[in-house]
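First the structure, in the form of structure tokens, and then the observations on it.
The values are calculated or read from the model by the stated rules, or taken from the named source; none is laboratory data. This one's a predicted model, so the numbers in the text were calculated from it and none came from an experiment. Cβ placement follows ideal geometry from the backbone for every residue including glycine, while neighbour counts extend to all protein chains displayed.
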Amino acid sequence: MSRIDLVNINKKFGSYEAIADLSLAIDSGEFVVFLGPSGCGKTTLLRMIAGLEAVTAGEIHIGDRRVEHLPPGQRGVAMVFQSYALYPHMTVAQNMAFGLRNIGTEKSVIEAKIAEAARILQLETLLDRKPGQLSGGQRQRVAIGRAIVKSPEVFLFDEPLSNLDAMLRARTRVEIARLHQTLGATMVFVTHDQIEAMTMAQKIVVMSNGKIEQVGAPLDIYRRPATRFVASFVGVPAMNFLDVSNTEAVRGKLHVRVGETMIPTGVPAAGLSGPLTLGIRPEALRVDANGTIAAKVDVVERLGDKTIIHAMLPGGQAVVGEDGDTSALTFGDQVRFSVDSARTHVFDAAGRGHHAEVAP
Amino acid sequence: MATAGKTVGMPLGERLALIAVILLAILWLLPLVWVTGVSLKNNTELVVNPGAVFSAPYTIQNYIDLTKTSALGTWFRNSLIVSLSHTVLVLIVSCLAGYGFARIEFPGRNAVFIFSLVGLAIPGQAIIVPLHSFFNAFDLHNTYAALIIPGIATPFGIFLMTAYFRAIPAEIEEAARLDNASRFKIFWAIALPLAVPAMATLGIFTFLGTWNDYLWPLISATRPEMYTLTVGLAATQTNIDQSEGLGYLMAQSVFAGLPMLILYIFFQKYVVRAVAGAAIR
């Protein structure tokens, strides 16, 4: 396992700049997730680390080696593709052996490595089958096995769970996380699914328009989003953003007016001015008969353990809040929400996030 | 019974289509049945009554006589050498060119590709004279080289293989690059095995075309020992006195067609797929 250092990486496709002056350090043995919407540059960045895409400018270091000029096979990386990219005409064992044969590995060593990977991934009974005879989940495991046998310095995953159904995706998430614990290898995982990112990553790199928006631990990203983009992209249902018409400082904390309602926040008032937006996650906006925010119920989603309430403020702005699992609210009901001021966020005109001082 | 079972509940339109297809198949088969029937008849009987083909007695004497004609064996061997060699060379050139056009970026790639496809619009007959002059200049007429080399860079083959290689997901080759495979290794161990259906299609059609080719061998091979089967049989059949008899001539035709029949039996799947246009997918 090795650390990865990306230094001032730039990637252009013709005149289009896909990645702009990006620098990032990934520690040895770390599980890092590149998270962002389609077209944000996360897959391009992964492919540049793999060597499948040339960098326009900048340096890539894997361990002690500078690798941006090396071909993919010499970078010490293994990659699991979204479509698995197994060799259809080869058996599972041949798929796993192909890379090792190409570097002249002895037959006995190849067999031992395949046996070990097959044991870890429970592929022992499938070694003589061809990819066409396997289910999606089995193909996924073979693709991971093909990566494992190479004992790479870095594992790269390009949205490997996208083609799996919901149940299998959840199970494979756990298997990959377990694999990381077992191997202790450096892993870089690309996804647009924030649940995958939150559940698997030690560090999340949130990207947008070819730039890094924020790098941090999953809960940091969730609780203290650096920008409005991060706040909107991470979290389901998404954070509520309410336009602030006026502000007051009360004992050093910012109180903001939304429509006719003054809402206290835990955000320090110092230095905040200009057009502001209040950010409240749905779980910080609870149904409460004594709450300060009045709204009319629009849609009710009953999830079993809780109820998601979609409602409209008098000014016509939509908000999403939460109620208990036995909520009796239905369409058209009047409802009141209370705001957990310790879990509020304020975004300035530049989109920068300011957070309540003590976020739970 | 199985077929009968499948037609039960079949919509009327499909039944009519099935009947039409069966009738067409019979129509197509009739000449083949006629030729085979004639080849199994006594020549004297055929002269008296040409319609005797559908009634006994039958004989294999014409086929026994075939074995006594040394020229037919030579022509058969020539056809086999020419068809096999030409097919192999067409496959090599088409696969290399197709892979290059599909996967390797080089300046002017699209222009060269389009230029190579222009050949599709040029009829073979139009280049017969320059082709003849070319091989004449090198004194290669009446050699295997002259019969084999023309047309090994076939625009159709290049087009077919380019389309097929393009259809192979790029991620599979990228995985091979990460597996430390060289460009040639990727071509040889990954792309080529995946292109077997297209290669089979191209190979079968090329073999059939070369085996049945008549015009170029007629022009290039002027010595009987260099005749291919088509040229040799035609030379025999244009013999005015038909001294060897109609049954014998038909036996020659059946014999000449046997390799095609065998080829079809073994590669039926690829032939059908090619005709249906599925080889591209």
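Of note:
- With respect to (1) modelled with pLDDT under 90; (2) surrounded by fewer than 19 Cβ atoms within 10 Å (Cβ to Cβ); (3) part of a helix (DSSP H, G or I), the lone exception for B:Ser243 is condition (3).
This table checks each residue for (1) out of contact with any Pro (no Cβ under 7 Å at 6 or more places or on another chain); (2) away from chain B (no Cβ under 14 Å); (3) in contact (Cβ under 8 Å) with a residue 60 or more places away in the chain.
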{"position": "A:Tyr16", "(1), (2), (3)": "yes, yes, no"}
{"position": "A:Cys40", "(1), (2), (3)": "yes, yes, yes"}
{"position": "A:Val67", "(1), (2), (3)": "yes, no, no"}
{"position": "A:Gly76", "(1), (2), (3)": "no, no, yes"}
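- Residue check, A:Glu17 of a type outside the set (Lys, Arg), at pLDDT 95 or above, surrounded by fewer than 22 Cβ atoms within 10 Å (Cβ to Cβ) and farther than 30 Å from A:Gln133 by Cα: no
- Scanning region A:336-360 for residues that are out of contact with any Asp or Glu (no Cβ under 7 Å at 6 or more places or on another chain) and surrounded by fewer than 20 Cβ atoms within 10 Å (Cβ to Cβ) yields A:Asp340, A:Ser341, A:Ala342, A:Asp348, A:Ala349, A:Ala350, A:Gly351, A:Arg352, A:Glu357, A:Val358, A:Ala359, A:Pro360.
- Residues of region A:106-143 satisfying the condition of being of a type in the set (Gly, Ala, Ser) and surrounded by 12 or more Cβ atoms within 10 Å (Cβ to Cβ): A:Ala112, A:Ala115, A:Ala117, A:Ala118, A:Gly136, A:Gly137, A:Ala143
- Criterion: crowded, with 17+ Cβ neighbours inside 10 Å, in contact with a helix residue (DSSP H, G or I) (Cβ under 6 Å, 6 or more places away or on another chain), in the same structural domain as B:Ile168 (by TED's automatic domain parsing) and within 25 Å of B:Ile186 (Cα to Cα) - qualifying residue of B:Pro155, B:Pro150: B:Pro155
- The condition (being within 14 Å of another protein chain (Cβ to nearest Cβ), more than 30 Å from B:Gly257 (Cα to Cα) and part of a helix (DSSP H, G or I)) is satisfied by just one residue among B:Arg166, B:Arg177: B:Arg177.
- Scanning region A:91-136 for residues that are within 13 Å of chain B (Cβ to nearest Cβ), small (Gly, Ala, Ser) and farther than 23 Å from A:Glu175 by Cβ returns a single hit, A:Gly104.
- Test: A:Phe31 is aromatic (Phe, Trp, Tyr), within 14 Å of chain B (Cβ to nearest Cβ) and either within 18 Å of B:Ile186 (Cα to Cα) or out of contact with any Asp or Glu (no Cβ under 7 Å at 6 or more places or on another chain) (or both): no
- Strands (runs of 3 or more DSSP E) (entirely within region A:271-347) containing at least 3 residues that are farther than 26 Å from A:Asn246 by Cβ and either within 31 Å of the chain's Cα centre (by Cα) or in the same structural domain as A:Val244 (by TED's automatic domain parsing) (or both): A:293-302, A:307-312
- Residue satisfying condition, being surrounded by fewer than 13 Cβ atoms within 10 Å (Cβ to Cβ) and either touching a residue at least 60 places away in the same chain (Cβ under 8 Å) or within 17 Å of A:Arg228 (Cβ to Cβ) (or both), within set A:Gly279, A:Gly324, A:Gly274: A:Gly274
- Test: residue in region B:122-134 that is assigned by TED's automatic domain parsing to the domain that holds B:Phe187, part of a helix (DSSP H, G or I), of a type in the set (Val, Ile, Thr) and under 20 Å from B:Met161 (Cβ atoms): no
- Condition check for A:Ile60 on (1) more than 23 Å from A:Arg178 (Cβ to Cβ); (2) at the interface with chain B (Cβ under 9 Å from one of its Cβ atoms); (3) of a type in the set (A, V, I, L, M, F, W, C); (4) assigned to a strand (DSSP E or B): one failure, at (2).
- Answer from A:Pro71, A:Pro88 - the residue that is loosely packed, with under 15 Cβ neighbours inside 10 Å, under 24 Å from B:Leu194 (Cβ atoms) and at the interface with chain B (Cβ under 10 Å from one of its Cβ atoms): A:Pro71
- Counting residues in region A:297-311 that are touching a Gly at 6+ places or on another chain (Cβ under 9 Å), modelled with pLDDT of 95 or more and closer than 20 Å to A:Val230 by Cβ gives zero.
Yes/no matrix, rows are residues, columns are (1) among the acidic types (Asp, Glu); (2) assigned to a helix (DSSP H, G or I); (3) free of Cβ contacts under 8 Å to residues at least 12 places away in the same chain:
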| residue | (1), (2), (3) |
| --- | --- |
| B:Leu16 | no, yes, yes |
| B:Trp28 | no, yes, yes |
| B:Trp34 | no, yes, no |
| B:Lys41 | no, no, no |
| B:His86 | no, yes, no |
| B:Val90 | no, yes, no |
| B:Ala111 | no, yes, yes |
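- Some residue of region B:139-153 being among the hydroxyl-bearing types (Ser, Thr, Tyr) and not in a helix (DSSP H, G or I): yes
- Residues of region A:243-269 classified as exposed (fewer than 11 other Cβ atoms within 10 Å of the Cβ) and either touching a strand residue (DSSP E or B) at 6+ places or on another chain (Cβ under 8 Å) or closer than 18 Å to A:Arg224 by Cα (or both), total: 2
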